[in-house]
Amino acid sequence: MSKPQSEVPYGTLDLLILKTLEAMGPLHGYAIARRIEQVSGDSLQLSQGSVHPALIRLEQEGWIRTDWGISETNRKVKFYSLTRAGKKQVPVEVANWEKATALVARLLESL
Amino acid sequence: MTTVRGAVERLLALVRRGRLERELEDEIVAHLELAERDAVARGLSPEEARHAARRRFGGIEQMKEEHRDRRSFRWMETLMSDLRYGLASLGRAPGFTAVVVSVLALGVGANVAMFSVVDAVLLKPLPFPQPDRIVRVWEAPLPGVVNATSAPDFLDWKRLANSVFKALSAEQPISVALTDKNGATRLSGKAVTADYFQVFATKAQLGRTFTPEEDRPGAAAAIVLSHAAWQGDFGGDPDILRRHPILDGVPHQVIGVLPPGAFDRDETRFWKPLVFTPDQQVRDIHWLTVYGRLRGGVTAARAAERIEAIYAALAQTRSINDRKWTIVVEPLARLVAGAGLERSIYVAFGAVALVLLIACANAVNLLLAKAASRRRELAVRSALGASRGRLVAQLLTESMVLCLLGGVAGIAVAGLLIRAAKPLLAESLPFTADVNLDLRVLSFAGAIALGVALLAGTFPALRASFSDVAESLSGSFRGSSGAHARLRRAIVTGEVALSLVLVSGALLLFRSLLKLQQLDTGVRLENVVTMSLDLPAGTYPTPQKAAVFYRAMAQRLEAVPGVSQVGLATHLPLRWISNGEGIIISGIRDPVMVRFKRVDPGYFRTLGIPVVAGRGITGQDSDGTPRVMVINQALAGRLAEVARMTDPVGKVVRVSTPGYVEKREFIPEVEIVGVIRSERVSSPGDRDPPVVYVPLAQAPSPQVKLVIRTGAEMAAVMPAIREAVRDIDPNLPLGDVATMEQVRDRTLSGASRPAELIGAFAAIAVLLAAIGLYGVLSHTVTLQRREIGIRMALGARVPDVLLHVLRNALGMVAVGLAFGLLGTFALTRVMKNLLFEVSPLDPVALTIGCASMALIGLLAGFLPARRAASLDPVETLREEG
């Protein structure tokens, strides 16, 4: 825990999960959480457990689906992957995020 | 209210537990394991790894809670809080709540109960697999007339029409004596060909149904029992398949028991194979009812064409007499609900729909009244910043809660109604109809409750929130004027109108019923008890034996104390005579078609049927004397018409006469010895058919009905009657014991049932209209308190106030009655078919209807009026100031 860590910005976990699944294909919950941590160079403080509620939400939206698979520890776990709607949603979410950050950046500059 | 909330919570908890929760648990365990493994790989000890994995995961319970929240529905919480508010607000006005809920419960309950009947009889598919393929096959000698089938014809169809029928079966109702150590009882059954259960696609629950060999001559005596017969007549004996019950003196093996269901509602208790004896294989005797199961894709019309083609082909090779009969293949579904029953059901359903409308009107009215009295509360909340939408939502939730409570109570009412009406329904509905509060009926109830909630809830909610805040707050809203009051008056007027339609409909049916009761049936009904008797062919193989038995039994019965007269006949008085025969008169080409009834010397005397010419049937008319017959006046008229036979007594004609057991008819010469006054044998409205009465001794039948005139106490004589019959043959049970009044009611029942039903609905409607009138009037008086106070302060006397309020009430009622009369006129055509000798615009019925509604209006107005008049003006003015 030597590096300074920051919280996951509000509302971005969904986007991070969608992006991860887009890049990596089907993953189970732990792998998704690890992947996000690794990509951030462990600078993101993610309660790994919080991916599970986020996954449920995404599933309810119809953007991801679950299939049963076997984990490396030989246990039956859910593997998540993007649905067709989810694949379409990724660029939308990315665009939304970029719009929002651009807006905040402009506001910060002009205030 | 907390209990309601608690119940909902527990219910949700139940749903939440279960699969999703277990899956989440598994996910967490898997996640932690994987994390631990990675940590160990990074070089941590197992203990440290477990802690690290836990730490990185974060709060497990917190995460689970979040997970659950995501899974469950957010809006549930909001709804719960609105419901809580609604219930609390209803709880503050328990009287109001109780009235609205019970009004709706009556309306919804009556509708749900009625719908369950409509559903069972007309909507639900018949309770057999692929029910649309089950058909009945008739011969139609004339358009609109259908006839039973002869055994050779049936066998031809079965052999040659198997391209259109998957199975074809013939049946004949039978009745046997079941004897065991306790004596003999009668058991109704059917003799059926082996395909019967294939037609209905019914498999046995225990054992099996018939094999194709079992309706061939020489097969062992086997029977299949209905589930009800197994449970009832055989006490649910688990060893039933090894029992050999004695039917008509012959042991039969029980080879199967049907599953519970539709067949239990029929009177048939058992089935045995129908084996055609050589003497039954005659084309002239039509005695079989034929059912078939169509092959997939075959229409009823194609099946009929096929059989007609068979007829045509056979007619060429075998010269069947020049028959040009058509064949009718009719789906069973259409047959079970006859046109008459269907019409009665729809009329009754229409009546309950009116009841529901009235109930809705009442609920709207009460809610409007409630909203009006809450104007100030709503105005304050609106002034404090509650949006109009929020207020509407809240009022709407409140009315929804009310209506749903009403709906639930209504389902309970429907359950009670169905249970109470079940015996009556079982008697008047086809056996395929299973009347129940099942899922279909419950969803109908749900839809109705929701519809009522929307109808009754939305309107008052919108009205209440659109009223002027300032006006309400300033307290200037007083009196009964304004759009609000006008609307409520309009609703009450409508209620009165609808109620009048129902009440006069019920009165019309009631008057028609009275007419039917007074109808001259041509027989003396009082103190006559009837029963039926079947002679087993084994004990009574010849007509002579039967004739001897009948004579002995009649004599023995007449000696029973309390019995004054005894008569025997093949058909009950006032019931349709199913035997049809033809009279051949020399010189006339076509036979005269008649109904054919065999009676003993006591029959006319016992029923008080007068002989108008010649003589009746006497003990002298027997096997050894010349054949004679007595005809009814209708036949005498017919003979005068077609054969110019003005004085039929003494004339000799030939009459086709059915055999004893064998299906063979003979056409002896018979002398007409007398004419009797016609007894009624068909439903009112139909003309008396021509009937021939032949001495039972000259043409015995194994099935007879006993008609016994007793002293005052019919029930007391019954044991002695049974004892007397047992004296002569201990193995002969008597069945279908009924008084002559019951027999008559059954003949008239087609006309009386809707009257009873609609009468009940009219009573509910009147009750609801009275509640509605009372509600509105008393509310109006409440709002007019100040006005009344001022009037009284200015010198108005109590009678003036009473008069004022009552005039108001009667005004509403009068307008309602005018509209109601218009509605009654509009329904003339519907009612005409249900009425017997009563005009649909019968002035007596309409006058009584109007008068009773006016009386109810007066009563409903009187109570609030008296209360208004008893107010102390000073008090009222001070309180309102």
What is the distance in Å between the Cα centres of segment A:45-111 and segment B:574-608?
90 Å
Which one, A:Ala33, B:Leu32, B:Val528, projects farthest toward the positive side of the charge dipole computed for the protein assembly as shown from Cβ point charges (K/R +1, D/E -1)?
A:Ala33
Lysines within cross-link reach of A:Lys99: Cα-Cα under 18 Å, excluding same-chain residues under 8 positions apart?
A:Lys19, A:Lys88
For the pair B:Arg644 and B:Ala312, how long in nm is the line joining their label points, each one 7 Å along Cα→Cβ?
4.2 nm
From the helices alone, meaning DSSP H stretches of at least four residues, give me the mean residue ellipticity at 222 nm for chain B, per-run term -39500 (n - 2.57), in deg cm²/dmol to the nearest 500.
-18000 deg cm²/dmol
Computed E for B:Arg216/B:Ala552 - FRET, C-beta separation, R0 30 angstrom, nearest 0.05:
0.20
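Ranking B:Asp119, B:Asp534, B:Asp520, B:Asp623 by Cβ neighbours within 10 Å, fewest first, what do you get?
Working: B:Asp119 18, B:Asp534 21, B:Asp520 7, B:Asp623 14.
In order of increasing Cβ crowding within 10 Å: B:Asp520, B:Asp623, B:Asp119, B:Asp534.
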From other protein chains only, count the Cβ atoms within 10 Å of every residue's Cβ in B:25-36, then give the mean.
6
Compute the Cα gyration tensor for segment B:592-682, then decide on rounded, prolate or oblate, letting a ≥ b ≥ c be the square roots of its eigenvalues: rounded whenever a/c is under 1.5, prolate when a/b is larger than b/c in the other cases, and oblate in all that remain.
rounded
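What's the extension gain from B:Glu25 to B:Phe825 if we count 0.36 nm per residue and subtract their Cα-Cα distance?
Stretched out fully, the B:Glu25 to B:Phe825 stretch lengthens by 281.0 nm.
How would B:Val496, B:Val413 line up from fewest to most surrounding beta-carbon atoms within 10 angstrom? Don't skip to the answer; put the middle values down first.
Numbers: B:Val496 28, B:Val413 22.
Lowest count first: B:Val413, B:Val496.
What percentage of all Cα-Cα pairs in segment A:6-110 are separated by more than 18 Å? Numbers along the way, then the final one.
Numbers: 2780 of 5460 pairs.
So the pairs more than 18 Å apart make up 51 percent of the total in segment A:6-110.
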Label zone at B:Arg55 (point 7 Å along Cα-to-Cβ), backbone N below 17 Å, segment A:22-57
A:42-49
Distance from the Cα centre of segment B:687-726 to that of segment B:479-543, in angstrom?
30 Å
Hey, if you drop one equal point scatterer on each alpha-carbon of chain B and run the Debye formula without solvent, what base-10 log of I(q)/I(0) do you get at q = 0.04, 0.05, 0.08, 0.09 Å⁻¹?
-0.30, -0.46, -0.93, -1.05
Take every Cα-Cα distance within segment B:801-860, group them into 10 Å bins from 0 onward, and report for each bin the whole-number percent of pairs it holds.
21, 42, 24, 10, 2
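Extension gain B:Arg654-B:Ala41, at 0.36 nm per residue separation less the Cα-Cα distance, in nm? Show your work: numbers first, answer last.
Working: separation 613, 0.36 × 613 = 220.68 nm, distance 11.28 nm.
That pair, B:Arg654 and B:Ala41, stretches by 209.4 nm at full extension.
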The alpha-carbon center of segment B:815-840 and that of segment B:253-313 are separated, in whole Å, by 44 Å
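Taking 2.2 N^0.38 Å as the expected size of a compact globular protein, what ratio does the Cα radius of gyration of the protein assembly as shown give against it, to two decimals? Mind showing how you got there, number by number?
Details: Rg = 40.3 Å, N = 992, 2.2 N^0.38 = 30.3 Å.
The value comes to 1.33.
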Roughly speaking, what is the stretch gain from B:Gln518 to B:Arg746, that is 0.36 nm per residue apart minus the C-alpha to C-alpha distance, in nm to one decimal?
80.6 nm
Taking the Cβ-Cβ separation of B:Arg807 and B:Leu767 as r and a Förster radius of 22 Å, what is the calculated FRET efficiency to the nearest 0.05?
0.35
Neighbour-count ranking for B:Cys850, B:Cys360, B:Cys403 (other C-beta within 10 angstrom, fewest to most) reads B:Cys850, B:Cys360, B:Cys403
Sequence neighbours fewer than 8 away in the same chain don't count; with that in mind, list the lysines whose C-alpha is under 24 Å from B:Lys545.
B:Lys597, B:Lys663, B:Lys705
Put a dot 7 Å past each Cα toward the Cβ at B:Tyr85 and B:Glu342; how far apart are the dots in nm?
5.1 nm
Less than 17 Å apart at the alpha-carbon level, and either on another chain or at least 8 residues along: which aspartates and glutamates does that give for B:Lys515?
B:Asp686, B:Glu741, B:Asp745, B:Glu756, B:Glu837, B:Asp842
Using a simple spin-label model with points 7 Å from Cα along the Cα→Cβ vector, what separation in nm is obtained for B:Val874 and B:Asn182?
8.1 nm
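FRET efficiency for B:Ala201 and B:Ser682, Cβ-Cβ distance as r, R0 = 51 Å, nearest 0.05?
The pair B:Ala201/B:Ser682 has a calculated efficiency of 0.90.
The numbers here are math on the coordinates, done by the rules we state, and not lab data. Remember, it's a predicted structure, so these values are computed and weren't measured experimentally. Note that we place each Cβ from the backbone using ideal geometry, even for glycine, and neighbour counts take in every protein chain shown.
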